[in-house]
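The values are calculated or read from the model by the stated rules, or taken from the named source; none is laboratory data. Note that the structure is predicted; figures quoted are calculated from it, not measured. For neighbour counting, all protein chains shown are included, and Cβ atoms are generated from backbone atoms with ideal geometry for every residue, glycine included. Surface accessibility is based on the protein's heavy atoms, side chains included, excluding ligands, DNA and RNA. Shrake-Rupley method; radii C 1.70, N 1.55, O 1.52, S 1.80 Å.
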Amino acid sequence: MRFLTGLQPSGKLHIGNYFGAIQAAIDLQNKGEAFYFIANYHAMTTSPDAETLRANTYEMAIDLLACGLDPEKAVFFAQSSVPEVNELAWILSTVCPMGLLERCHSYKDKIAKGFSPNHALFAYPALMAADILLYDSDAVPVGKDQKQHLEVTRDLAGKINDAYGEGLLRMPEAIISEVTAIVPGLDGQKMSKSYGNTLPVFGEEKALRKLINKKVVTDATPLEDPKPTEGSIILALYKLFATPAQYEEMVAAHQRGGVGYGQFKKDLFEAYWEYFRAARERREWILANPGYVDEVLAAGALKAREEASKVISRVRKAVGLI
C-alpha cells in the first residue's frame with residue numbers, strides 16, 4: 001500500500017496543523033510505503049513572495065522531521081524537485097472539462113477571501129491530481145474539505161484511462177478520518193493563522209508560557225467557585241496533551257472550585273511543553289546540523305523522481321509524446 005501526503009508551507013506550524021493533519025499523516029509511514037512532499041508549487045498560488053516561500057519550505061521540512069517524519073521509512077521531498085508533475089498536470093488538463101474546475105469550492109473560497117483569481121489557483125485541482133497520480137498512489141489521506149479534489153483526481157484518471165488504455169493511471173482511494181481532533185484557538189474559535197489565535201508547536205519557553213497565560217480566554221468566575229466545563233478552552237486544549245487520568249482530574253478540579261484559572265493555565269502549559277519535548281530536542285539537533293535537511297530532501301527527490309519517471313514514461317508513450 002502506497003500512501004501520499006502533500007502539505008503546503010504556510011508559515012509557523014501550530015497545534016491545529018499538528019493534530020488536524022500532521023500527526024495522522026506521519027503515522028502512515030509505519031503502515032506502508034509513504035511519500036510526503038512539501039507543496040511549494042501550490043503555495044505559489046497564494047504566497048508569491050520568493051523569500052517567504054523559500055523560508056516557509058525550509059521551515060516546514062525542519063518541523064516535519066522534528067515531529068517524527070523518518071526519512072529512513074518514507075520518501076520526503078519538495079514538490080518542485082520533481083518537474084514531471086507539471087508535465088502530467090498538463091496532460092491531465094487536456095481531458096479536464098472546464099465545468100469540473102468551475103464546480104470546485106476551493107477556488108471560490110480563496111477568491112471570497114480576497115486572493116487574486118489567477119489561472120494557477122483555478123487549475124489547482126489538476127496539479128493536485130498530478131501529485132497523486134504521478135507516484136501510483138493507492139491511498140491519500142484528505143480532510144473533508146479536500147474530498148472534492150480527490151474525486152477530481154479519480155475523474156481525470158478515469159478519463160485518461162478511457163482515452164488511452166485501462167490501468168494507465170492507478171485509481172487512488174481517499175482516506176477520510178471520521179474522528180478528527182477539534183483544536184480550538186486560544187480565543188475559542190477554530191485555530192487559524194488568519195484569526196491570530198494559534199499556539200505554535202515550537203518556540204521559546206517564556207514567550208509560549210506568556211501566550212497561554214495572556215491569550216487563552218476564560219470567564220470571570222471567582223477562584224473559590226466551581227468553573228464551567230462546557231465550552232472550556234483550557235479543558236479542550238489540555239485534553240490534547242494530558243493523559244485521560246490527568247484530564248479527568250482537571251475536570252473534577254473545575255467542578256470542585258477553589259482553583260483559579262491561573263493554575264489551570266499553568267497546568268495546561270506544562271502538559272503542552274512536555275508533550276512536544278522530544279520534537280523540540282529533534283529540532284534542536286536538526287538546527288545544529290544545517291546540511292541534514294538538504295541531504296534528506298535531495299535523497300527523497302531522487303527516489304520520488306525514480307517513481308515519477310516510470311509513470312510519466314508510460315503516459316508519454318500512451319498519449320503519443322514518445
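Take the solvent-accessible surface of the protein heavy atoms, probe 1.4 Å, and return the percent of it on the chain that carbon and sulfur atoms account for. Don't skip to the end; give the middle numbers.
Numbers: 8580 of 16080 Å².
Carbon and sulfur atoms account for 53 percent of the accessible area of the chain.
Using Cα centres only, tell me the gap between segment 263-289 and segment 110-129 in whole Å. Computed from Cα coordinates, the inter-centre distance equals 36 Å.
Its residue count N fixes a reference of 2.2 N^0.38 Å for segment 163-322, and the Cα radius of gyration divided by that reference is 1.59. Which of the three applies to segment 268-307, rounded, prolate or oblate, going by the alpha-carbon gyration tensor with a ≥ b ≥ c and a/c under 1.5 meaning rounded? Cα axes put segment 268-307 in the oblate bin.
Over the Cα atoms of segment 198-284, compute the convex hull volume and normalise it per residue, giving Å³. Could the numbers behind the result be given before it?
Working: hull volume 7.5 nm³, N = 87.
Per-residue hull volume (Cα only) is 86 Å³.
Summary of the geometry: segment 194-255 and segment 83-100, compared by the centres of their Cα atoms, lie 46 Å apart.
Could you state the orientation-averaged shadow area of the convex hull built on the Cα atoms of the chain, in nm² to one decimal? Computing the convex hull of the Cα atoms and averaging its projections yields 17.9 nm². Computed packing ranks the peptides 236-243, 191-198 as 236-243, 191-198, most packed first, by mean other Cβ atoms within 10 Å.
Projecting the Cα atoms of F276, A252, G291 onto the charge dipole of segment 241-322 (Cβ charges, centred on the Cα centre) puts G291 farthest toward the positive pole.
So what is the accessible area of segment 36-156 per residue, in Å², with the probe set to 1.4 Å? If you can, show how the numbers build up before the last one.
Details: 5110 Å² over 121 residues.
Here the residues of segment 36-156 average 42 Å² of exposed surface.
Debye-formula intensities of segment 86-167, expressed as log10 I(q)/I(0) at q = 0.13, 0.14, 0.25 Å⁻¹, are -0.40, -0.46, -1.32 (one equal scatterer per alpha-carbon, no solvent). For segment 1-105, the alpha carbon positions stretch 40, 36, 26 Å along the principal axes, listed from largest to smallest.
Dipole magnitude of the chain about its Cα centre, charges +1 at Lys/Arg Cβ and -1 at Asp/Glu Cβ only, in debye to the nearest 20? Walk me through the numbers on the way to the answer.
Details: 36 positive and 40 negative charges, 90 e Å.
So the magnitude is around 440 debye.
Taking packing as the residue-averaged number of other Cβ atoms within 10 angstrom, the listed peptides 10-17, 90-97 run from highest to lowest as 10-17, 90-97.
Spacing of the modelled spin labels on D27 and K193, each 7 Å from Cα toward Cβ, amounts to 2.6 nm.
Based on the Cα atoms of segment 81-239, what semi-axes does the equivalent ellipsoid have, where each is the square root of 5 times one gyration tensor eigenvalue, given in whole Å with the largest first?
Values: eigenvalues 374, 57, 45 Å².
Those come to 43, 17, 15 Å.
Taking 30 Å as the limit for the C-alpha separation, the pairs K159/K310; K147/K310; K193/K303; K73/K147; K12/K159 exceed it in the case of K193/K303; K12/K159. Taking a straight Cα-Cα cut-off under 19 Å and skipping sequence neighbours fewer than 8 places away in the same chain, the lysines within cross-link reach of K227 are K214, K215, K239, K265, K266.
Each peptide among 273-282, 79-88, 215-224 gets the average number of other Cβ atoms lying within 10 Å of its residues, and from highest to lowest they stand as 79-88, 273-282, 215-224. Between A55 and R256, the FRET efficiency estimated from the beta carbon spacing at R0 = 51 angstrom works out to 0.60.
Figure the gain on full extension for A207 and E224 (residue separation times 0.36 nm, minus the Cα-Cα span) and round it to one decimal in nm.
Details: separation 17, 0.36 × 17 = 6.12 nm, distance 2.88 nm.
Gain on extension, A207 to E224, equals 3.2 nm.
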